[in-house]
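Here's the structure, in structure tokens; my notes come after.
The values are calculated or read from the model by the stated rules, or taken from the named source; none is laboratory data. As the structure is a computational prediction, the values presented were derived from the model and not from experiment. Cβ coordinates were reconstructed from backbone atoms using ideal geometry, including for glycine residues, and neighbour counts include every protein chain displayed.
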Amino acid sequence: LSIIYPKVFVCALNWWQASRPNDFFEEPGDHAGELETAVTMYLTPNLVLPLELAGDGNALNYKIKGLREGWVTAQRKWTAVTQDTGVGNPKKATAKNGKDFFISATDAIAEFLVEMHAVNIEDMYE
């Protein structure tokens, strides 16, 4: 596409990687783990069930090596992976940790967007 649209720069970001999860959480986890649960507790607490109802976050892994090692990604069928679709232990999630992480991540994303806006895409390498 860059040949057809040379002035377009495409990138992707993962909000949950925009800050350092291990600085905020003991076990960040994955889907509905400590990180996602804490951020949801901060942003929309009405969507979070009491943590005592949460599962332990145990999950099955892929049989295929590349998917298991993480250098290939694919959508997971949550109902086949875990008993309750959670991957990672949410039990230590708090709204405060969610808020702290959310602020850190959104600050990092905002900084990226400001830098991206200012850069000349034809001269963006050092």
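Structural remarks
- Cβ separations smaller than 7 Å between residues 6+ apart or across chains give the following pairs from segment 107-125 residues that are under 17 Å from Arg20 (Cβ atoms) to residues that are surrounded by 10 or more Cβ atoms within 10 Å (Cβ to Cβ) and small (Gly, Ala, Ser): Ala108/Ala18; Ala108/Ser19; Ile109/Ala18.
- Residues satisfying the stated conditions in segment 28-85, i.e. acidic (Asp, Glu) and more than 22 Å from Trp15 (Cβ to Cβ): Glu52, Asp56, Glu69, Asp84
- Among the conditions (1) more than 15 Å from the chain's Cα centre (by Cα); (2) closer than 22 Å to Glu111 by Cα, Pro45 misses just one, which is (2).
- Number of positions in segment 60-76 that are without any contact (Cβ under 8 Å) to a residue 40 or more places away in the chain, under 19 Å from Glu27 (Cβ atoms) and under 17 Å from the mean Cα position of the chain (by Cα): 1
- Within segment 74-126, restricting attention to residues that are of a type in the set (Asp, Glu) and surrounded by 12 or more Cβ atoms within 10 Å (Cβ to Cβ), the residue that is farthest from Leu47 (Cα to Cα) is Asp107.
- Complete set of residues in segment 84-103 that are modelled with pLDDT of 95 or more and over 12 Å from Glu26 (Cα atoms): Ala95, Lys96, Gly98, Lys99, Asp100, Phe101, Phe102, Ile103
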